[in-house]
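Each reported figure results from applying straightforward, stated rules to the coordinates on display, with no laboratory input. Everything numeric here is computed off the predicted structure, so don't read it as measured data. Here the Cβ is made from the backbone with ideal geometry for all residues, glycine too, and neighbour counts use every protein chain on show.
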Amino acid sequence: MCGIVGYVGHRQAEGVVIEGLRRLEYRGYDSAGIALAHDGRVASDKRAGKLANLEKAMIDHPLPQATTGIGHTRWATHGAPNDVNAHPHLGSTGRLAVVHNGIIENFAALRDDLEDAGHEMLSETDTEVAAHLLELEVCAGADLTTAMQSVCRRLRGAFTLVALDAEDPGRVVAARRSSPLVVGIGEGENFLGSDVAAFIEHTREALELEQDQVVTITADAVSVSGFDGTPGEGRRYHVDWDLAAAEKDGHDWFMRKEIHEQPRAVAESLLGRRNAEGLLQLDEMRLSDDDLRDIDKIIIIAAGTSFYAGMVAKYAIEHWTRISVEVELASEFRYRDPILTHSTLVVAISQSGETADTLQAIRHARVQRSRVLAICNTNGSTIPRESDGVIYTHAGPEIGVASTKGFLTQLVACYLLALYLAQVKGTRYGDEIAQVMDQLDRMPAHIQTVLDADESIYALAREHADARSVLFLGRHAGYPVALEGALKLKEIAYLHAEGFAAGELKHGPIALVEPGLPVFCIVPPRGRDQLHEKMVSGIQEVRARGARTLCIAEEGDESIRPYADVLVPVPAVPVLLQPLVSVVPLQLFACELATQLGHDVDQPRNLAKSVTVE
Ligand code: M6R
């Protein structure tokens with residue numbers, strides 16, 4: 001939700017900032033803008049639409065050379081996505097520019113005060129007040145760092161602000177409260193970014209900041225302080241992926257590349273989880289085995305695709321540990337006054353680690369004294385930092401807005417958590433746990449088998465390019481897969497798509513079925529006879545009403561053939577692990593269908609990769 005870049009160093013800032021914005025564009029793409037410190041004045045350009053519009057404008061109206069700059073790519077909150085509301089915003093005198101991610105909740109009152117004092121606001125944004133307030137401070141003699149501290153003390157809400165003062169051109173100052181910001185540490189140059197992708201081309205050394213901190217970068221130094229001016233320090237870390245991971249590597253879309261990266265992402269998320277004795281170990285857990293033995297209830301909170309991973313986790317945790325599990329949408333959690341105690345474990349699943357709904361939910365849980373464990377893909381992000389423990393997934397950067405490898409690696413982390421709890425609580429024998437771990441170790445090869453048949457799924461997608469609606473049916477662990485398949489199609493193909501628990505169909509949704517309607521059916525493995533039989537009945541019910549059944553079933557399951565218009569085989573795996581293979585054809589289908597429809601798969605309309613506003 002908005003991408004932010006800052007740079008001070010020896011290179012031309014324009015190139016560094018634009019390249020950083022390109023890598024952050026997945027965070028928001030309603031408009032883009034840049035500001036450079038040049039000759040005591042801010043030189044700036046900003047344009048509605050994608051970054052390409054800004055780049056085109058800058059060819060016609062080149063900006064002057066400068067070695068200090070900031071930039072922004074926007075997901076609109078306050079004000080329409082037009083040129084005027086695009087960031088950067090400038091103060092009245094033109095010496096100061098600001099970019100912002102988040103929402104300044106008290107902006108209306110601040111704006112009234114500023115207008116009463118004669119300031120003219122040009123945009124409808126909340127950001128512009130920050131530009132004027134900062135400018136008032138620096139014009140009164142404060143340096144930009146002190147000005148930022150003072151202004152942040154007056155702001156309410158969640159925000160990252162990055163500012164430059166053209167009369168003090170060798171520094172960029174930023175602040176964060178509940179909104180992402182990392183520092184990239186270079187040699188003779190330093191960087192700011194909403195995430196490390198902004199500067200990964202130049203450095204893999206990063207500094208993570210805490211809440212309510214201000215950071216000042218110059219070419220040679222980085223200094224951190226609290227909003228009250230007390231000196232602070234961030235946590236330095238090395239980014240364990242490189243530029244190649246942030247590029248498309250010959251694929252047309254990041255999403256397609258990320259789907260094909262899943263065997264490796266799953267393998268890496270499983271790596272090093274067993275010690276020499278074959279026992280499970282979760283290094284980043286930070287919760288002791290005694291803490292975990294006390295747990296008598298688990299609540300999983302998450303949004304979107306991560307929520308569906310949580311639904312699968314419920315089946316696995318309850319089956320292997322007999323601990324009762326609730327799964328809840330993060331945006332609903334704290335508003336229902338949930339019953340939380342010290343023996344409740346709250347598990348927050350978030351690929352980005354920045355989702356505002358999930359962050360606010362874990363804060364609520366911690367106030368109620370529950371322990372919080374994060375499952376997260378982004379080192380240095382807020383959710384793991386504010387949790388009592390974390391299991392990191394190792395998917396590498398996920399740039400396509402539609403989550404794919406993020407989902408599969410979340411599933412892996414959920415299985416690991418379930419098995420670890422079973423080990424600690426003694427609810428499963430060691431050899432049973434080892435057997436599941438062996439099955440998990442075989443999953444990358446199984447996922448690869450599904451990917452090797454990608455062309456047949458692409459052909460199926462092309463056949464359905466004129467579909468107006470698609471339904472998805474599943475049972476048990478296949479139900480979240482049905483929901484995920486529908487979400488993928490909605491978000492990138494803009495197609496009406498709905499997932500249902502197959503047993504619920506006859507309670508209403510079957511009325512949607514009409515001749516020719518494509519219905520994906522996620523068929524459970526044959527080993528689970530009851531489930532399998534019930535699913536076959538569901539398939540027959542929709543087929544009898546003219547639906548076109550597209551059945552994802554384990555290879556060799558001939559019992560499905562008479563009811564399947566199309567049979568998509570996936571490797572035979574246990575029912576709880578089946579989502580790892582059965583979701584892959586649905587990802588491929590959505591990616592190809594959206595491509596056929598001419599949509600921008602990586603940057604679907606109205607969406608942003610990480611949703612940092614509630
Ligand atoms: O970063 P998170 O996992 O917290 O994000 C949660 C959702 O916003 C995310 O899964 C979203 O639904 C994706 N666009 C789905 O593809």
(message) Under the rule of at least 5 residues apart or a separate chain, name every residue whose amide H is placed under 5 Å from the amide H of Ile300.
(response) Glu326, Val327, Glu328, Val347
(request) Report the charge-dipole magnitude of region 251-441 in Debye, nearest 20, computed about the Cα centre from +1 at each Lys and Arg Cβ and -1 at each Asp and Glu Cβ. (result) 260 debye
(message) If packing is taken as the average number of other Cβ atoms within 10 Å across a peptide's residues, how do 177-185, 158-166 rank, most packed first?
(response) 158-166, 177-185
(message) Students often get this wrong, so check it: of Lys297/Lys405; Lys50/Lys609; Lys405/Lys609; Lys50/Lys257, which have C-alpha atoms separated by over 19 Å?
(response) Lys297/Lys405; Lys50/Lys257
(message) Counting only helical runs of four or more DSSP H residues, what would the 222 nm mean residue ellipticity of the chain come to if each run contributes -39,500 (n - 2.57) and the total is spread over all its residues?
(response) -11000 deg cm²/dmol
(request) Work out how much length Val566 to Leu329 would gain on full extension: take 0.36 nm times their residue separation and subtract the Cα-Cα distance, in nm to one decimal. (result) 81.9 nm
(request) Give a residue-ordered list of calculated ³J(HN,Hα) values for region 531-539 (Karplus: 6.51 cos²θ - 1.76 cosθ + 1.60, θ = phi - 60°; whole Hz; x for Gly, Pro). (result) 4, 4, 4, 5, 5, 4, 4, x, 4
(message) If you take every residue apart from Thr305 with its C-beta less than 12 Å away from the C-beta of Thr305, what net charge results, scoring Lys and Arg +1 and Asp and Glu -1?
(response) +1
(message) Using the Kirkwood radius over C-alpha pairs as Rh, can you work out the diffusion coefficient of region 449-614 via Stokes-Einstein at 37 °C, viscosity 0.692 mPa s, in µm² per second?
(response) 206 µm²/s
(request) Highest first, please rank the peptides 558-566, 298-306, 11-19 by the mean number of other Cβ atoms sitting within 10 Å of their residues. (result) 298-306, 11-19, 558-566
(message) Assuming 0.36 nm per residue, please report the length gained on full extension of the stretch His496 to Glu247 beyond their Cα-Cα distance.
(response) 86.6 nm
(request) Between beta-carbons, use under 12 Å as the cut-off and find the net charge around Val367, counting Lys and Arg +1, Asp and Glu -1. (result) +3
(request) Could I get the Rg over Rh figure for region 3-244? Both from C-alpha atoms, Rh via Kirkwood, rounded to two places. (result) 0.93
(message) Using the Cα centre of region 456-537 as origin and beta-carbon charges of +1 (Lys, Arg) and -1 (Asp, Glu), tell me which of Ala467, His496, Ala482 is placed farthest towards the positive end of the dipole.
(response) Ala482
(request) Could you check the simple spin-label distance between Ala140 and Ala80, using points 7 Å along Cα→Cβ, in nm with one decimal? (result) 3.6 nm
(request) Based on alpha-carbon positions alone, could you give the equivalent ellipsoid semi-axes of region 147-217 from the gyration tensor, as √(5λ), descending, whole Å? (result) 21, 16, 8
(message) Using amide H atoms built in the peptide plane, which far-off residues or other-chain residues are under 5 Å from Ile375 H to H?
(response) Ala348, Ile349, Ser350, Ile391
(request) For region 429-520, restrict the atom set to alpha-carbon positions and state the Rg and Dmax in Å. (result) 16.7, 51
(request) Would you please give the residues with an amide H less than 5 Å from that of Cys2, counting only those at least 5 places away or on a separate chain, with H modeled from the backbone geometry? (result) Gly28, Trp75
(message) Tell me the Kirkwood radius of region 251-441: reciprocal of the mean inverse pair distance over distinct alpha-carbon atoms, in Å.
(response) 16.5 Å
(request) Place +1 on the Cβ of every Lys and Arg and -1 on the Cβ of every Asp and Glu in the chain, take the dipole about the Cα centre, and give the residue among Val224, Leu287, Gln12 whose Cα lies farthest towards its positive end. (result) Leu287
(message) I need the calculated FRET efficiency for the pair Ser456 and Ala117, taking r as the beta carbon distance and R₀ as 51 Å, to the nearest 0.05.
(response) 0.15
(message) Just to be sure I understand: if I project the alpha-carbon convex hull of region 480-552 onto a plane and average over all orientations, what area do I get in nm²?
(response) 4.7 nm²
(message) Tell me which of Ala66, Leu24, Ala130 sits at the most positive position along the dipole axis of region 3-244, charges placed on C-beta atoms (Lys, Arg +1; Asp, Glu -1).
(response) Leu24
(message) Let's see if you can work this out: charge +1 on each Lys and Arg Cβ, -1 on each Asp and Glu Cβ, no other charges. What is the dipole magnitude of region 335-456 about its Cα centre, in debye to the nearest 20?
(response) 700 debye
(request) Sort the following peptides by mean Cβ neighbour count (other Cβ atoms within 10 Å, averaged over residues), highest first: 202-211, 31-40, 243-252. (result) 31-40, 202-211, 243-252
(message) So if I take the alpha carbon set of region 560-614, get Rg, then get Rh from the Kirkwood formula, what is the Rg over Rh ratio?
(response) 1.12
(request) Would you mind ranking Thr341, Thr67 so that the residue whose beta carbon has the fewest other beta carbons within 10 Å leads the list? (result) Thr341, Thr67
(message) If you filter region 525-577 for trypsin sites (Lys or Arg not before Pro), then keep DSSP loop positions with at most 11 other Cβ within 10 Å, what is left?
(response) none
(message) Taking the Cα centre as origin and putting +1 on Lys and Arg beta-carbons and -1 on Asp and Glu beta-carbons, what dipole magnitude results for the chain, to the nearest 20 debye?
(response) 1340 debye
(request) Evaluate the distance, in nm, between pseudo-label points positioned 7 Å from the Cα of Glu555 and of Arg336 along their respective Cα→Cβ axes. (result) 4.1 nm
(request) Between Ala445 and Met58, with labels modelled 7 Å along Cα→Cβ, what's the label distance in nm to one decimal, could you check? (result) 4.9 nm
(message) So if I take the alpha carbon set of the chain, get Rg, then get Rh from the Kirkwood formula, what is the Rg over Rh ratio?
(response) 1.00
(message) What is the sum of charges, Lys and Arg at +1 and Asp and Glu at -1, for the other residues whose Cβ falls under 10 Å from the Cβ of Thr595?
(response) -1
